[in-house]
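Taking it in order: structure first as structure tokens, then the write-up.
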């Protein structure tokens, strides 16, 4: 590179111009996109939007005043003190009846005393999740950057070399976030995308810069000039990184098979993150390396070397490949045993995504205990009749449907517009004069009917079980099937609400996950064959990645799902678990290409496969495991997030990367290559 300063200057200007977009990225992200486009629940929810819905005084979380003060103001405003409940970090008002004036006066007095008042609703919980998601990036970065700096110093053993990958990765991250900010104007992109793109771009960018700059330093130590070292580094390590980046991008793109806007957004955002890193590592990084030259060794720290460990380990694996292969498979088999028990579920009770000690989550738990677990997310029964609400036949059937619903053991209550003591003929007569009803009665019937659609009636079912209980989910699914048998011909029925909505997303993800895994496996097979020229190695790679995926699923079962090791039991999120498997395949190809290119480069000198395995593992082992540890640090930083979904991502990615770099790339791939002997690189030209 003849004029590196021009490239570096252009990048500085580029990053400065894009920074405002990158900082603005969270403002346009969406909590939506989880709908299953072909599900009946989408139609049902669209119909429910036409009615006013059930209206009641919500619970209120009160913080910033003592319980005695709240008790005093409750007495002053005629709010029953039995409606007040203590929490560890606040007070909850659970209204037992509609006293809007008294409650409004009570809350106004508390607000005047400096109290913080939060309505305990699903919408408020969703806003808290969005807030915590946006805060995750800042909190996690404060942990990730210092740890990355220390780890890079340990890997490189040089101060100058250690900061270089961080600079390149940060430049790539800014570009990626800026592109996402532009895309969110036309696409539904998830609120989780900021954290995923940021940390994926950071980790992958550091890894790619590490691979290229490590090769550059090796060539300089071999006595080559800066120009020669840079040319060789980009021709070999740069080529490997290019294949790796393409592999990760294509792997993430397979998420489009998830079948809705949420997965399409993650697919596009993840691919953008990796492509931005490729741009930085193939333009900015060579320019900086050319400008630094031998000064990349500035601040070298003596004694930081793991050469002896990798020399001994490489020699053992190459000399005894069968024991190494068996050992690696046994290590993977232990957690994989539990992998088949994996259950994915995005919860309808959004509060369980918050930390157990969060006051809002505690308030929701109290609400369920006092009012009933099913009150949190009623099932919305949608009936679109061929007749209107002015026809007695409509109300005769509404009464029948209500009776059938009330007969289910898991149904605690059914809310219906049917007024006790009024016959279907009386109800029809009432609705013929609906425009003349007093305003209070209009509001009451407006919860169940829509003036602009006289054919529509909505009933509400409160289950005895919680919104995520298997019994409630079974009830929701059963009602979808039986409702058409309870209504006249020509009536369209559906079940709406948060429970069937997220159950539909969970079922969609369960159905689509095999397609995603099949697609990412084909991508891995194709990219590895193209990158290495070896069908044998491509097959090895896909098989070993599958084994790591099962083992990672087992780790998620033992930690997240069963609640061991200090974690509260919670089914791994449907919204994040497939991403873990896709990133596993993508990043594993990353490390696979680096290792195999080095082995094949040595094998073509020519030398024996066993010698190529030993030399390849010896020269790349420290770099690959170091790169893996960098990714581990990046994802472990997500533990700073208060959200369980981010902790699931942290655990899954940490397990996947550690198993892949320390077991698959260190033991399984080298030992399988040594055992394959002359077929190891089939169908290479000089087999």
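Each reported figure results from applying straightforward, stated rules to the coordinates on display, with no laboratory input. Fair warning: this is a prediction, and the values are worked out from it, not measured in the lab. Quick reminder, even Gly has a Cβ in these numbers, built from the backbone with ideal geometry, and neighbours come from all protein chains shown.
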Exercise. Give the distance, in whole Å, between the Cα centre of region 99-150 and the Cα centre of region 546-568.
Key: 30
Quiz item: Quick one: if the Förster radius is 41 Å, what FRET efficiency do residue 227 and residue 326 give, using the C-beta to C-beta distance and rounding to 0.05?
Solution: 0.30
Quiz item: Any idea what the relative contact order of the chain is, in percent, if you count C-alpha pairs under 8 Å spaced at least 6 apart?
Solution: 21
Self-check item: Peptides 539-548, 372-381 ordered by average Cβ neighbours within 10 Å, highest first
Solution: 372-381, 539-548
Quiz prompt | In degrees, nearest ten, helix 307-319 long axis to first principal axis of the chain (Cα) | solution = 90
Quiz item: Over region 60-119, what is the mean sequence separation of C-alpha contacts under 8 Å (at least six apart), divided by residue count, expressed as relative contact order in percent?
Solution: 50
Quiz item: Between the helical axis of 261-279 and the dominant principal axis of the chain, each derived from Cα atoms, what acute angle in degrees is found, rounded to the nearest 10?
Solution: 20
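What's the ranking of 255-267, 413-425, 655-667, 579-591 by average number of surrounding C-beta atoms within 10 Å, highest first?
On the way: 255-267: 22.5, 413-425: 15.2, 655-667: 24.3, 579-591: 27.2.
So the peptides 255-267, 413-425, 655-667, 579-591, ranked by packing, come out 579-591, 655-667, 255-267, 413-425.
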Exercise. Kindly state, to the nearest 0.05, the FRET efficiency for residue 333 paired with residue 604, given R0 = 35 Å and r defined as their beta-carbon distance.
Key: 0.50
Quiz item: By how many nm would the segment from residue 471 to residue 423 grow when fully extended, if each residue of separation counts as 0.36 nm and the alpha-carbon distance is taken off?
Solution: 13.9 nm
Exercise. May I ask for the distance between the Cα centers of region 245-278 and region 397-427, given as a whole number of Å?
Key: 49
Quiz prompt | residue 163-residue 371 pseudo-label distance in nm [points 7 Å out on the Cα-to-Cβ vector] | solution = 5.6
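Applying a 10 Å radius around every beta-carbon, put 329-336, 272-279 in order of their mean neighbour count, most first. Display every interim value, and only then the final one.
Values: 329-336: 16.8, 272-279: 25.0.
So the peptides 329-336, 272-279, ranked by packing, come out 272-279, 329-336.
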Exercise. Give me the distance in nm between label points sitting 7 Å out from Cα along the Cα-to-Cβ direction at residue 67 and residue 308, one decimal.
Key: 6.3
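What is the calculated FRET efficiency for residue 111 to residue 568, with r their C-beta to C-beta distance and R₀ = 30 Å, to the nearest 0.05? Walk me through the numbers before you get to the answer.
Values: r = 33 Å, r/R0 = 1.12.
Plugging the Cβ-Cβ distance into 1/(1 + (r/R0)^6) gives 0.35.
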Practice problem: Arrange 371, 310 by Cβ neighbour counts within 10 Å, fewest through most, would you? | Solution: 371, 310
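Per DSSP helix of 4 or more residues, -39500 (n - 2.57); summed, then divided by the residues of the chain. What does that give at 222 nm, rounded to the nearest 500?
Only helices count here, giving -21000 deg cm²/dmol.
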Quiz prompt | Extension reserve of the residue 453-residue 485 stretch, reckoned as 0.36 nm per residue once the Cα distance is removed | solution = 9.2 nm
Practice problem: Evaluate the distance, in nm, between pseudo-label points positioned 7 Å from the Cα of residue 78 and of residue 539 along their respective Cα→Cβ axes. | Solution: 8.4
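Note the full-extension length gain between residue 131 and residue 478 as 0.36 nm times their separation in residues minus their Cα-Cα distance, in nm to one decimal. Don't skip to the end; give the middle numbers.
On the way: separation 347, 0.36 × 347 = 124.92 nm, distance 3.57 nm.
My answer for the length gained is 121.4 nm.
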